[in-house]
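The values are calculated or read from the model by the stated rules, or taken from the named source; none is laboratory data. Bear in mind that the values here come from a model prediction, so they are computed numbers and not experimental data. Cβ coordinates were reconstructed from backbone atoms using ideal geometry, including for glycine residues, and neighbour counts include every protein chain displayed. Only protein heavy atoms, including side chains, enter the accessible area calculation; ligands, DNA and RNA are left aside. Shrake-Rupley method; radii C 1.70, N 1.55, O 1.52, S 1.80 Å.
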Amino acid sequence: MGVTRPNPLQWIAYTFGAKLPESMNDWVLNDITGDHYFIRHMLRAQVPFIPLYALFLLFPGPLWLRASMVLLGVSLAVFYSIVYIHQNRARRLQKNGLPMDLDNDKRRAARESQIDAYSRAWR
């Protein structure tokens, strides 16, 4: 069975925090816990701010000043997206009715092998 992906409108609603249908739970789980979750999270976190960035560009004044406003907005959004990444991911899993475990099988196995290696070396 293939993974059901959201259509563009569902994906935009998802970036704003909407719950996706249960048929897309596998896609949500991969989106939030997959190998490239960080990049996907950073892109997803910027989508709700695009209208604000566009509004900044409409302010009067020189282009460099308006671009600086956008850059400041982007930097603040990126900072808070990084700081609250684990809370945002766990909440998104919870909202979609999935367990709030942020590790996928590959990371879990790597962590357990590191713990085993440490235990063999130092205990």
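Quick notes on this one:
- Residue among Arg92, Arg108 that alone is modelled with pLDDT of 90 or more, among the basic types (Lys, Arg) and closer than 25 Å to Met24 by Cα: Arg92
- Any pair with Cβ under 6 angstrom, 6 or more apart, that starts in region 76-87 at a residue that is under 12 Å from Leu43 (Cα atoms) and ends at one that is open to solvent by 50 Å² or more (accessible area, probe 1.4 Å) and among the aromatic types (Phe, Trp, Tyr): Ala77/Phe49
- The number of residues in region 72-109 that are part of a helix (DSSP H, G or I), hydrophobic (A, V, I, L, M, F, W, C) and surrounded by 12 or more Cβ atoms within 10 Å (Cβ to Cβ) comes to 7.
- Filtered by the rule that a residue be open to solvent by 80 Å² or more (accessible area, probe 1.4 Å) and either touching a Phe, Trp or Tyr at 6+ places or on another chain (Cβ under 9 Å) or in contact (Cβ under 8 Å) with a residue 60 or more places away in the chain (or both), region 1-60 gives Val3, Arg5, Lys19, Glu22, Asn30, Asp35.
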